[in-house]
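The values are calculated or read from the model by the stated rules, or taken from the named source; none is laboratory data. What you see is a predicted model, and the numbers here were worked out from it, not measured in a lab. Here the Cβ positions follow ideal geometry from the backbone for every residue, glycine too, while neighbour counts run over all protein chains shown. SASA here: full protein model, heavy atoms, side chains in, ligands and nucleic acids out. Shrake-Rupley method; radii C 1.70, N 1.55, O 1.52, S 1.80 Å.
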Amino acid sequence: MDTKALLAELYDVVGLGVSALSGSGFDAFITVEQNSARKALEFLHRKGFNVLADLTCVDYLRYGFDERPLPPSHPHRLRRWPSPPKPPRRFKLVYRLLELDPAEGLARGRLAVHVWATGKEAGPPSVMDLWPNADWLEREVWDMFGIRFSGRPDIKRILLYEEFVGHPLRKDYPIDKRQPLIGPKEGAARTVVSDEPLRPDPS
Amino acid sequence: MLPVSNFPNDVGSIRPNLRRSEDLDGVISTRLDSAVGWARKYSIFQYPFVTACCGMEYMSTACAHYDMDRFGAGFPRFSPRQADVLMVVGTISHKIAPVLRRIYDQMASPKWVVAFGACASTGGFYDNYATVQGIDTILPVDLYIPGCPPRPEAVLQGLMMLQKKIQEQGR
Ligand code: SF4
């Protein structure tokens, strides 16, 4: 696959929604805004990217803000931290697409599509109709990050239980918050072991 | 081994160990609870509740190389109603915790619970939103086997300790 030509064509189709194009060959990725996501993904589907290998998400809430200063001897000391994304850019969806030749079973092309999402009510459009396996992946992103995809039926949790409140992989989910279904309220460990535990006999 | 004539008539009720009489060939005298404990400890029907990577080590212990069957525990039952030892092998998430508790409740007494590995015993290194911090927060546990995962030797040592407990418990 000629990545360069493909990306040029994509830019023609999607236009200004594309905010970054980079890489070549199997490492290429593009970044698009939420409004243009559907257009770009539809285009790539038409171009033969027939497998959605993965769909996941990154929360950039505190990215680039609270990095601790590195010690002077640290080799990354001189590296500039990437500047934090400007609001309302907060979540980055990562679609990993594959162009698979069904006859040979070989991947001909590979592309990552990064989509900025706000995490507010109207989320990015669903791609379930293009790649049916997006159903579970979108449910997983909803479950973990609370990104509600629009234009798809029945979004509900897939990994966690229905009683769970919140989305645990968001950076503002309290790291020590527990929501057990049974057992101690805060999900704390027991401080005394149950009954009389057996102890090994050193002999 | 002493001939049976050296003991008073109620020998069986005061001496816990199995003994064979040399005078009366084929007669064994013991205490009832001792015999029951002996029978129980060598016929452990386990319910393997396997959820994570510790399951690999459980399998290697159960299979021919280490052969848990040597200890009379070679028969996993996949119905809690037929099992007496609940082996909790692996990470228990908050989602599965009610299921585990229900399986424990369905087992008939006498029953014992083994926390196999660091995750089942304490939550292991998963101190997060998803993981139960040790199954002893939801069930009574008889035996904790440490390790991530425990080596088969540790499992077998634990099994022998559990057998000792079962023997001493009597009923
Ligand atoms: S204790 Fe270690 S090996 Fe066992 S389930 Fe936990 S992480 Fe896996």
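Chains B and A together bury roughly 2000 Å² of accessible surface, counting both sides and using a 1.4 Å probe on protein heavy atoms.
Per residue of B:94-100, other chain Cβ atoms within 10 Å of the residue Cβ number 5 on average. Here the spin labels are modelled as points 7 Å beyond Cα on the Cα-Cβ line, and at A:Arg96 and A:Trp136 they lie 1.6 nm apart. Note on B:Arg70 and A:Tyr173: their simple-model spin labels are 4.6 nm apart, each label 7 Å out from Cα toward Cβ.
Take each residue of peptide A:169-182, count the partner chain Cβ atoms within 10 Å of its Cβ, and average: the result is 4.
Given a 1.4 angstrom probe, I'd like the percentage of the accessible area of region B:46-157 that is carbon and sulfur, rounded to a whole number. With neighbouring chains kept in place, the figure for region B:46-157 is 58 percent. Once the Cα-Cα distance is subtracted from the 0.36 nm per residue extended length, the A:Glu162 to A:Val58 segment shows a gain of 35.2 nm.
Sorted largest first, the principal axis extents computed over the alpha-carbon atoms of region B:46-157 equal 39, 30, 19 Å. Label-to-label distance for B:Tyr42 and B:Asp127 is 4.6 nm, based on points extended 7 Å past Cα in the beta-carbon direction. For region B:99-171, chymotrypsin sites (Phe, Trp or Tyr not before Pro) are listed when DSSP marks them as loop and at most 12 other Cβ atoms sit within 10 Å of their Cβ; the list is B:Phe125. Averaged over the residues of B:130-136, the number of partner chain Cβ atoms lying within 10 Å of the residue Cβ comes to 6.
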